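Quick one: this structure, given as structure tokens, is what I'll be asking you about.
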Amino acid sequence: MAQSTTAGRSALAVLRVSGPDACGVGQRVCEHWPHEPRRLGRSRFRDPTSGEILDDGLVAWFPSPSSYTGEDVVEIHTHGGLSAPAAVLGALIRAGAHAAVPGEFTQRALWNGKVDLVRAEAIGDLIDARTQAARRAAIHGVSGAMTARFAELRDALIGLEGLLAFDLDFPEEDAGQIARAEILAAATTVEERILAVIRTAPAATIAAHGALVVLAGVPNSGKSSLFNALIGQERAITSAVPGTTRDAIEVLVDADPWPYRLVDTAGLRDAHDAIERAGIETATRYLAGADVVIACDCAAGLASVVSSLGTQTGAVIISVRTKADVPSPPSGSADFVVSARTGDGLAALREGLLRAIASRTGGASGDDGLIMRERQRSALELAAREVAAFREAWAAGALPAPVAATHIRAAVLALDELIGTVTVDDVLARVFASFCVGK
Ligand SMILES: Nc1nc2c(ncn2[C@@H]2O[C@H](COP(=O)(O)OP(=O)(O)O)[C@@H](O)[C@H]2O)c(=O)[nH]1
Ligand SMILES: [Mg+2]
């Protein structure tokens, strides 16, 4: 039993009870019990010991196995705030429930086969999503699409094991070089498919945390003004006094399709003031980790700003001529010409920024699914390494087939662990399904 909504001032709170006696517990607390499952019914809630009426709300029950956890589940909607939910929770405990530990409902769903490990993780990711891109990737995982993708990779590996088993069991068939080439091609294909999923990892990081976009340039070039203009609020202090910005100021911009963390930094120059120097060191650290750097200059210095930034960062550098409303002598080319004061050029810069971020995502799209978890990535990397080891040994004819095949088995096990299912008879089933053994 747990409160599924957060504790605090709110209109409603949702309490859930799961387990074989969930309905018994619910009936001991609810004055009225809905006849039909999965329908909300009005009920008052009472203390099973004292009989005191504690609150008045709604209740529904979901019989096993058609519930989130796969067990009987009771859902109680109380009034929100702190008192009513706490009182009804207390009543549920006196009626026989115990308090669930974090994630226990989803863990039970996993045990009862309602979700696999990847979907369970996606449910957690959805709740924790701070950006729309992270939400899109998570809901893709919740739908089961990522699990299906991992399962397809696993199937392809088992298909490969089937080919190998055939090669071992029926050497007199002597498909010879053709079979060897076929196995090599199959291994290469599945390895590439695994690597394609692994390559979504940078996009997943950007979806979850935002691409790191850093404004850089000499003091007074208009970085803080551009920062404020891009985020649409006066966050950073701007002034005509060079060296105004000392700390790095960071704001998460939840842009579509990719969120970014826009960072305003201290201008880059040889400062004598200790605080400003510390600010410049911070800026240098941000530059080293940046995905995109917006190089700003309002005069003739843009080219040299861009070239000096090139030595400090591996990021995509966008050059911006700032203060476009102020006439200045021609100063070479810039990717964008922008005025923070009038707003001219801002829309184009935003678009250019999103294109630059997209170039850091390897062409991945959140709608196709991203590997949002380190666990998923390391399982896939292990599988890819095993397939590569097999492929190399097979190409060189370096290992006997049964030994080479152990690499593929290890890759299958990595995916089994990833999805959270281990099925033993799969290989045999495949061998007999895809080959005409009786001939
Ligand atoms: N006319 C004009 N002045 C600007 C513009 N952007 C910044 N400034 C001025 O340039 C000075 C330095 O700006 P600031 O944003 O603090 O530069 P930073 O040191 O690079 O962060 C301030 O006096 C700003 O008002 C602009 O687009 N047009
Ligand atoms: Mg500044």
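So which residues in the stretch 222-244 are near ligand 2 (Cβ under 8 Å from one of its atoms), more than 14 Å from I294 (Cβ to Cβ) and touching a Phe, Trp or Tyr at 6+ places or on another chain (Cβ under 9 Å)?
Listed by number, the list holds a single entry, T238.
Still on this model: In this structure, does A196 turn out to be without any contact (Cβ under 8 Å) to a residue 40 or more places away in the chain and closer than 30 Å to W394 by Cβ? Walk me through it before giving the result.
Details: without any contact (Cβ under 8 Å) to a residue 40 or more places away in the chain: yes; closer than 30 Å to W394 by Cβ: yes.
When the stated conditions are applied, A196 passes them.
Okay, next question. Picking from L268, L226, which residue would you name as being at pLDDT 95 or above and within 11 Å of ligand 1 (Cβ to nearest atom)?
L226
Can you spot a residue in the stretch 37-47 that is part of a loop (DSSP other than H, G, I, E, B) and over 37 Å from the mean Cα position of the chain (by Cα)?
Yes - at least one qualifying residue is present in the stretch 37-47.
Is there a residue being modelled with pLDDT of 95 or more and touching an Asp or Glu at 6+ places or on another chain (Cβ under 9 Å) anywhere in the stretch 1-8?
Checked the stretch 1-8: no residue is modelled with pLDDT of 95 or more and touching an Asp or Glu at 6+ places or on another chain (Cβ under 9 Å).
Would you point out the residue of the stretch 310-338, among those that are more than 16 Å from ligand 2 (Cβ to nearest atom), not charged (D, E, K, R) and not in a loop (DSSP other than H, G, I, E, B), that is surrounded by the fewest Cβ atoms within 10 Å (Cβ to Cβ)?
Taking the candidates together, the pick is G310.
The values are calculated or read from the model by the stated rules, or taken from the named source; none is laboratory data. Treat the numbers as computed from the prediction; the structure is a model and nothing was measured. We place every Cβ from the backbone using ideal geometry, glycine too, and count neighbours over all the protein chains shown.
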